[in-house]
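Engineer: Sending over a structure as structure tokens; questions will come in a sec.
The values are calculated or read from the model by the stated rules, or taken from the named source; none is laboratory data. These figures come from a predicted structure and were not determined experimentally. All Cβ positions, even for glycine, are placed from backbone atoms using ideal geometry, and neighbour counts span all protein chains on display.
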Amino acid sequence: MFDFVNRKKRVVQVIMGLAVLPFLFWGVESYRDKGGEGYVAIVDGEEIPRREYEQALRDHHERMRGMLGANFDSAMLDTFEVRNSVLERLIQQRLLNREAVNNGFIVLDSQLVKTIRDIPAFQKDSKFSKQQYEELLRAQGLTPAVFESRVRQELLLQQLLDGYSENGFAPKSVAERVRYLSEVQREISQLQIEPEQFLSQVIPVEADIDAYYEKHKTDFHLPERARVEYLVLSLDAVAKNETVSDEAINAYFTEHGDEFSQPEERKASHILISVPVGAPEDEKQIAREKAENLLEQVKQNPEQFAEIAKEHSDDSGSAALGGDLGFFGRGVMVKSFEDKIFSMQLDEISDIVETDFGLHVIKLTDIKEEKRSTLEDVREQIADKLKIQMAGSVFGEIAEDFGNVVYEQSDSLQSAAEKFELTIQQSDWITRNSTEPSILANEKLLSAIFSEDTISKQRNTEAIEVKPDTFVSARIIEHKPATAQSLMVVKDQIVEKLKMQMAKAKAIEEGEAKLARLQDGDNIDVEWTEAKQISYMQSQGVDHETLRAIFRAQVNNLPAYVGAVSPSGGFSLIRISKVTEPQFTEEMNLNNFNKQLQQMITQEEISSYFSVLRKQYEVKVKQDNF
């Protein structure tokens, strides 16, 4: 997405993300408000409540569901990486807020009012509508006070980050060098010397086998293992037993029909000739003449629009994509830009459109018409949603009762299974670090399963929430402690490991010997691969370390020879036979590249800033809750 949209969209997207996400789980929250929810992390003394973290997880799931549609699979989001990234965002928000407050940043009421009044979703006939504002918030279960507090916080954080996002700088000499290195090409041929070629030539001696076993004995321990039976109580399972009437489904569809419609979206490409706000008239005239010249070119050769955008557009983000901005709906772009796009015909090229960011030539490339689902299309979806709401209102009591039963009748899961109509399931052998089955792959649950109380007294574990609204209780049916394996049992494994180590050493030795002879000018027989052109941007499958070796090589006299240890542990021998210098046609290309480089530098600076904040403020993550 291009730069001028980013600046406008950043606040709007975050704000609308807060405002219009479907809060489908209000029923679940009702029982969590009764206390004892705990926390997942502490940032400089301030707790991040578990309830807030779980709501953030649900919001993330709903955003992904909206983006992926029928391709959405909740299982792909139920991973440590996703859960950790959601928690990290909450931690970063707390860190930034603490830093902003400590540095005296404030958001004026006038600034808050202007931001909210400018949000298109709250406007009617291009003017802010208080009625529409309040109705939209009310439909999402938000009060103006809560919403405005969130907007104020986002604006506060934006002030803090603007110093980084708007001041990335790359000297022209650096941009020139990086651009050169990204586009210069070298023609190479390779010879891969793999360890497998030498496996038949190496035999470890007994002394080495014994020494390896003694040094790595713990690597060959069989870990503590157990087979368990377990019960799973989840909100989804409880909801399936609820009954929803046709009248309730019809009423929900009538009241929330907009949830099941997809507004019209349009896809466009553009060429931007940037003109700073307040630029002198002569500068504006030069820019307009250039825009008019480009408009004439694309109207004469519409099929060349992408190539012309790549070469001439000042929007570095979209220029690399031929000006492509992707699909977007109303309320995302600046008004004059959006109004023009939504008035155009497919494949039409606009006249010059002026915004605060400069002059645009726009081509409409695709249209997704508005889609409205019928009641029959979404009947099952609404039924599931209402069942979740109904079950959520009582699920807290059910979960508490489930926990009491498995605790009070701790010698068996049978009573709980019968009372809550659940099926007792059994696992294969699992360890403290098992990842399968996924329902048991929870740090707190595995810790409880392998606790002394559960093992020696054969008791049920407590009911543990392994993911939002899903509780598990387990008991051990068979247990085996960690055991050491004798050298006789693992000898074959050790022999294979040592043979591979020795083979890798011989492959590197062979490669370095050949490289030395080639660099000395010896004429040796090498079966080179077919020559290919590579660059940092188009590595053609060459690994990073080999790529660095190729471009560090002196190429005054060709062919030149270099080598590097390959990821497989072998040796990559390379012949450089040709250097193709890049051809840069215009200074504008360098300007566009410099902007992209500045954006990368900005991202790195913000990342480093977060790292500093993590060290400056104390952050504790409660792993068992997390």
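Engineer: Looking only at the range 292-348, filter to residues that are aliphatic (A, V, I, L, M) and under 28 Å from the mean Cα position of the chain (by Cα); which one of those is farthest from residue 361 (Cα to Cα)?
Structural biologist: Ranking the qualifying residues of the range 292-348, first place goes to 332.
Engineer: I'd like the full set of residues that are in contact (Cβ under 8 Å) with a residue 12 or more places away in the chain and assigned to a helix (DSSP H, G or I), limited to the range 316-353.
Structural biologist: Scanning the range 316-353 gives 316, 317, 318, 319, 335, 336, 337, 340, 341.
Engineer: Condition first: within 20 Å of residue 470 (Cα to Cα) and not hydroxyl-bearing (Ser, Thr, Tyr). Now tell me which residues in the range 434-457 satisfy that.
Structural biologist: 436, 437, 439, 440, 441, 442, 443, 444, 445, 446, 448, 449
Engineer: While we're on this one: Name the single residue that is modelled with the lowest pLDDT among those in the range 398-416 being over 20 Å from residue 457 (Cα atoms) and crowded, with 17+ Cβ neighbours inside 10 Å.
Structural biologist: Checking each candidate, the answer is 399.
Engineer: Sticking with this structure for a sec: Can you name every one of the strands (runs of 3 or more DSSP E) wholly within the range 444-556 that holds 1 or more residues which are at pLDDT 95 or above? Spell out how you get there, then give the answer.
Structural biologist: Details: elements: 464-467, 470-480, 532-534.
Strands (runs of 3 or more DSSP E) meeting the threshold: 470-480.
Engineer: Inside the range 104-129, can you point out the residues that are over 32 Å from the mean Cα position of the chain (by Cα), of a type in the set (Asp, Glu) and not in a helix (DSSP H, G or I)?
Structural biologist: Answer for the range 104-129, where residues must be over 32 Å from the mean Cα position of the chain (by Cα), of a type in the set (Asp, Glu) and not in a helix (DSSP H, G or I): just 125.
Engineer: Between a residue in the range 546-565 that is touching a residue at least 40 places away in the same chain (Cβ under 8 Å) and any residue that is among the acidic types (Asp, Glu) and crowded, with 18+ Cβ neighbours inside 10 Å, which pairs come within a Cβ distance under 8 Å, given they are 6 or more apart or on different chains?
Structural biologist: Final answer for the pair search is none.
Engineer: Taking the range 568-605, which residues are closer than 30 Å to residue 161 by Cβ, among the polar types (S, T, N, Q) and modelled with pLDDT under 70?
Structural biologist: Those that are closer than 30 Å to residue 161 by Cβ, among the polar types (S, T, N, Q) and modelled with pLDDT under 70: 589, 591, 592, 594, 596, 598, 599.
Engineer: Also, quick follow-up: Go through 461, 431, 435 for me and flag whichever is touching a Ser or Thr at 6+ places or on another chain (Cβ under 6 Å) and outside the structural domain of residue 60 (by TED's automatic domain parsing).
Structural biologist: Matching residue, one of 461, 431, 435: 461.
Engineer: When you go through 132, 158 one by one, which is the residue that is in a helix (DSSP H, G or I) and in contact with a strand residue (DSSP E or B) (Cβ under 6 Å, 6 or more places away or on another chain)?
Structural biologist: One residue alone meets the criteria, 132.
Engineer: What's the total number of residues in the range 277-315 that are touching a residue at least 24 places away in the same chain (Cβ under 8 Å) and either assigned to a loop (DSSP other than H, G, I, E, B) or hydrophobic (A, V, I, L, M, F, W, C) (or both)?
Structural biologist: So the answer is 13.
Engineer: I'd like to check something: does the range 324-340 contain any residue that is more than 20 Å from residue 238 (Cα to Cα) and hydroxyl-bearing (Ser, Thr, Tyr)?
Structural biologist: yes
Engineer: Let me ask you something else. Under 9 Å by Cβ, and 6 or more places apart or on different chains, what pairs join a residue from the range 249-264 that is over 14 Å from residue 383 (Cα atoms) and modelled with pLDDT of 80 or more with one that is among the hydroxyl-bearing types (Ser, Thr, Tyr) and assigned to a helix (DSSP H, G or I)?
Structural biologist: Every condition considered, no pair remains.
Engineer: Ok, one more. Considering the range 200-236 alone, what residues qualify as being part of a helix (DSSP H, G or I), of a type in the set (A, V, I, L, M, F, W, C) and surrounded by 15 or more Cβ atoms within 10 Å (Cβ to Cβ)?
Structural biologist: Correct list: 209, 220, 235.
Engineer: Pick from 81, 99, 148: which is among the acidic types (Asp, Glu), at pLDDT below 85, under 29 Å from residue 47 (Cα atoms) and surrounded by 17 or more Cβ atoms within 10 Å (Cβ to Cβ)?
Structural biologist: So the residue among 81, 99, 148 that is among the acidic types (Asp, Glu), at pLDDT below 85, under 29 Å from residue 47 (Cα atoms) and surrounded by 17 or more Cβ atoms within 10 Å (Cβ to Cβ) is 99.
Condition check ((1) surrounded by 15 or more Cβ atoms within 10 Å (Cβ to Cβ); (2) closer than 30 Å to residue 572 by Cβ; (3) touching a Pro at 6+ places or on another chain (Cβ under 7 Å)) across all residues:
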position: 465; (1), (2), (3): yes, no, no
position: 470; (1), (2), (3): yes, no, no
position: 473; (1), (2), (3): yes, no, no
position: 495; (1), (2), (3): yes, yes, yes
position: 506; (1), (2), (3): yes, yes, no
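Engineer: Continuing with this model, one more query. Would you call residue 454 touching a helix residue (DSSP H, G or I) at 6+ places or on another chain (Cβ under 8 Å), of a type in the set (Val, Ile, Thr) and surrounded by fewer than 15 Cβ atoms within 10 Å (Cβ to Cβ)?
Structural biologist: No; evaluated as a whole, the condition is false for this residue.
Engineer: Among the candidates 318, 336, 313, 343, single out the residue that is over 20 Å from residue 274 (Cα atoms) and either out of contact with any helix residue (DSSP H, G or I) (no Cβ under 9 Å at 6 or more places or on another chain) or buried (at least 19 other Cβ atoms within 10 Å of the Cβ) (or both).
Structural biologist: Sole residue among the options that is over 20 Å from residue 274 (Cα atoms) and either out of contact with any helix residue (DSSP H, G or I) (no Cβ under 9 Å at 6 or more places or on another chain) or buried (at least 19 other Cβ atoms within 10 Å of the Cβ) (or both): 343.
Engineer: May I pose another question? Among the listed residues 214, 176, identify the single one that is farther than 30 Å from residue 121 by Cα, modelled with pLDDT under 80 and of a type outside the set (Gly, Ala, Ser).
Structural biologist: After applying the criteria, what remains is 176.
Engineer: Would a scan of the range 253-274 turn up a residue that is assigned to a loop (DSSP other than H, G, I, E, B) and within 30 Å of residue 467 (Cα to Cα)?
Structural biologist: From the range 253-274, those assigned to a loop (DSSP other than H, G, I, E, B) are 256, 263-264; that's our starting set.
If we keep only those that are within 30 Å of residue 467 (Cα to Cα) as well, we get 256.
Yes, the range 253-274 contains a residue that is assigned to a loop (DSSP other than H, G, I, E, B) and within 30 Å of residue 467 (Cα to Cα).
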